[in-house]
Amino acid sequence: FLQRKLKPYADNLKHVVKDTKEYVTGLRDLNAAIDDFSDVHSINLDVENMYPSISHEFGLRNVMKELLEMGMEPDEVDMVIAGCKLMLKNCYAKFDGDIYHVDDGGSMGPRFMPGYTDIAMVRFDKL
């Protein structure tokens, strides 16, 4: 449910490059469109351990703001945020054979996490 709600919004983000192929294709297209690269700069940022690094407060606040700004109905946003809260409170990670409860942040397993983290980080990317 959450993945289906978040994915269309996450897929339309300008700040997110999905994979290396998309990045290389974008550079090729840029090269074809620009004659003078003297004023062109590329900045790439990567968040180490992104899912567990995004606190629940930061992620939920930013996802709520972004979804509202992108046109999701307020009642639907409330439902999505409630679902995200429930999922985030029940995130677990396996490390070295042991299973741990993730107190703040997320884990790699839940299907909604890619869209959730992409949307949450948009506010950071806009800085």
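Which residues, counting only those in region 16-30, are open to solvent by less than 100 Å² (accessible area, probe 1.4 Å) and over 25 Å from Phe124 (Cβ atoms)?
Asp29 - this is the single residue of region 16-30 that is open to solvent by less than 100 Å² (accessible area, probe 1.4 Å) and over 25 Å from Phe124 (Cβ atoms).
Kindly indicate the residue of region 31-72 that is surrounded by 17 or more Cβ atoms within 10 Å (Cβ to Cβ) and of a type in the set (Val, Ile, Thr) and also modelled with the highest pLDDT among those meeting that condition. Walk me through it before giving the result.
Keep residues of region 31-72 that are surrounded by 17 or more Cβ atoms within 10 Å (Cβ to Cβ), which gives 50-51, 54, 56, 59-60, 62-64, 66-67, 72.
If we keep only those that are of a type in the set (Val, Ile, Thr) as well, we get 54, 63.
Details: Ile54: 89, Val63: 96.
This residue is Val63.
Among the residues of region 25-70, which ones are β-branched (Val, Ile, Thr), in a loop (DSSP other than H, G, I, E, B) and touching a helix residue (DSSP H, G or I) at 6+ places or on another chain (Cβ under 9 Å)?
Keep residues of region 25-70 that are β-branched (Val, Ile, Thr), which gives 25, 34, 40, 43, 47, 54, 63.
If we keep only those that are in a loop (DSSP other than H, G, I, E, B) as well, we get 34, 40, 43, 47, 54.
Matches in region 25-70: Val40, Val47, Ile54.
Yes/no per residue for (1) closer than 16 Å to Phe112 by Cβ; (2) touching an Asp or Glu at 6+ places or on another chain (Cβ under 8 Å); (3) among the hydroxyl-bearing types (Ser, Thr, Tyr):
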{"residue": "Phe1", "(1), (2), (3)": "yes, no, no"}
{"residue": "Lys5", "(1), (2), (3)": "yes, yes, no"}
{"residue": "Tyr9", "(1), (2), (3)": "yes, yes, yes"}
{"residue": "Asp19", "(1), (2), (3)": "no, no, no"}
{"residue": "Val40", "(1), (2), (3)": "no, no, no"}
{"residue": "Ile43", "(1), (2), (3)": "no, no, no"}
{"residue": "Met50", "(1), (2), (3)": "yes, no, no"}
{"residue": "Asn62", "(1), (2), (3)": "yes, no, no"}
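Here are the criteria: (1) in a loop (DSSP other than H, G, I, E, B); (2) open to solvent by 80 Å² or more (accessible area, probe 1.4 Å); (3) modelled with pLDDT of 85 or more; (4) not hydroxyl-bearing (Ser, Thr, Tyr). Tell me which single one Leu13 does not satisfy.
(2)
Give the number of residues within region 90-127 that are surrounded by fewer than 19 Cβ atoms within 10 Å (Cβ to Cβ), small (Gly, Ala, Ser) and modelled with pLDDT of 90 or more.
Residues flagged as surrounded by fewer than 19 Cβ atoms within 10 Å (Cβ to Cβ), small (Gly, Ala, Ser) and modelled with pLDDT of 90 or more within region 90-127 amount to 1.
For Phe58, indicate whether it is aromatic (Phe, Trp, Tyr) and over 19 Å from Lys18 (Cβ atoms).
Values: aromatic (Phe, Trp, Tyr): yes; over 19 Å from Lys18 (Cβ atoms): yes.
Judged against the criteria, Phe58 is a match.
The values are calculated or read from the model by the stated rules, or taken from the named source; none is laboratory data. Keep in mind the model is a prediction, meaning the values are calculated, not measured. All Cβ positions, glycine included, derive from the backbone under ideal geometry; neighbour counts span all protein chains shown. Side chains included, ligands, DNA and RNA excluded: accessible areas come from the protein's heavy atoms. Shrake-Rupley method; radii C 1.70, N 1.55, O 1.52, S 1.80 Å.
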